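The values are calculated or read from the model by the stated rules, or taken from the named source; none is laboratory data. Predicted, not measured: the structure shown is a model, and the values here were computed from it. Reconstructed Cβ throughout: ideal geometry from the backbone, glycine too, with neighbour counts over all protein chains shown.
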Amino acid sequence: MVTTDRIATKQEKAEDDGNGPVVAVEDLHKSFGSQKVLNGIGLTVSRSETLAVLGRSGTGKSVLLKLIIGLQKPDSGSIRIHGRDIAGLALDQIGEIRKKIGFLFQRGALYDSLTVGQNVAFPLQHHTKEMSRSERAGRVRELLAEVGMEGDTEKMPSDISGGMQKRVGLARALALEPDILLLDEPTAGLDPISAGEIDDLVLRLEEEHHMASIVVTHDLHSAKAIADRLILLHEGNVVIEGTFEELQKSDDEFVKAFVRQSWEDICRERRV
Ligand SMILES: Nc1ncnc2c1ncn2[C@@H]1O[C@H](COP(=O)(O)OP(=O)(O)OP(=O)(O)O)[C@@H](O)[C@H]1O
Ligand SMILES: [Mg+2]
């Protein structure tokens, strides 16, 4: 339900009714001191759709995700989740909305001192008080099975590979049955085979759960595999939006250089 102090616009009502984008970002600005990071970014993502966000290191990709999840506040602009603008809400008011967003952090995804099972149980413990211990254990098993980690419940994060850690992070992100999934570099630091397996897993999860997904990645190969649409950020703005093929065909010098460089890097890394 749209519950802002003012009267909802037609567009917001459509989004609230499930007829528009699930996430709609408009004219988003964010600076840190004198450093302008985001300078008017806009994007939309609908149900069952995956948007890849590309850009060089330091272009504000992680900041963008943190703004969408409400971990940071924008200087101006709007971020509508199901038609409700969260940009104007206080951080503690965003809690309810955040429950519907699954988030995989770029680094430090898991709690080192908790087992794999405890990591996945964490959001359930905090947000589903009515769930019994055995129900919770069952749900953790189900989630770990979904990401192919059912035999590893008792292991510690330090005892599993990077790819397995990403899987557990994904299971935890799915715990509260989110309708929005935000992934920050899900394949970074993985060998080519593990990266490909994570791509396949992300694709399958998106197909099964029909989430609106935003995947931040520097990996053009991965973006091509999992995204319906891509946007490329540069100097705080979206330089191009389109399919992988549209990016490849672009005449824009910056886009051409980015695609060429990224593709060469990835082909070298993945030896494809
Ligand atoms: N809390 C913060 N305080 C000050 N500066 C910040 C903060 N968070 C991010 N920045 C700055 O904003 C810029 C964008 O950071 P961000 O982490 O979003 O980049 P990125 O595109 O995700 O890069 P990478 O590909 O390396 O992960 C960087 O220059 C970073 O130093
Ligand atoms: Mg980042």
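Here are a few things to note about the model shown:
- Residue match in the range 155-167 (condition: out of contact with any strand residue (DSSP E or B) (no Cβ under 9 Å at 6 or more places or on another chain) and farther than 30 Å from residue 268 by Cα): yes
- Single condition residue 208 does not satisfy, out of (1) in contact with an Asp or Glu (Cβ under 9 Å, 6 or more places away or on another chain); (2) within 30 Å of residue 37 (Cβ to Cβ): (2)
- Residue in the range 163-184 that is farthest from ligand 1 (Cβ to nearest atom), counting only those that are over 17 Å from residue 149 (Cα atoms) and surrounded by fewer than 21 Cβ atoms within 10 Å (Cβ to Cβ): 177
- Considering residues of the range 62-84 that are of a type in the set (A, V, I, L, M) and in contact with a strand residue (DSSP E or B) (Cβ under 7 Å, 6 or more places away or on another chain) only, the residue farthest from residue 179 (Cα to Cα): 63
- Filtered by the rule that a residue be of a type in the set (Ser, Thr, Tyr) and more than 25 Å from the chain's Cα centre (by Cα), the range 129-165 gives 132, 134.
- Qualifying residue in the range 106-122 (condition: closer than 19 Å to residue 201 by Cβ, surrounded by fewer than 18 Cβ atoms within 10 Å (Cβ to Cβ) and within 16 Å of ligand 1 (Cβ to nearest atom)): yes
- Checking the stated criteria, residue 171 turns out to be part of a helix (DSSP H, G or I) and under 21 Å from residue 100 (Cβ atoms).
- Residue in the range 122-137 that is modelled with pLDDT under 95 and within 16 Å of ligand 2 (Cβ to nearest atom) present: no
- Pick from the range 67-94, criterion surrounded by 18 or more Cβ atoms within 10 Å (Cβ to Cβ) and of a type in the set (Lys, Arg), ranking: nearest to ligand 1 (Cβ to nearest atom): 80
- Filtered residues of the range 185-195 (kept if within 16 Å of ligand 1 (Cβ to nearest atom), surrounded by fewer than 24 Cβ atoms within 10 Å (Cβ to Cβ) and not aliphatic (A, V, I, L, M)): 185, 189
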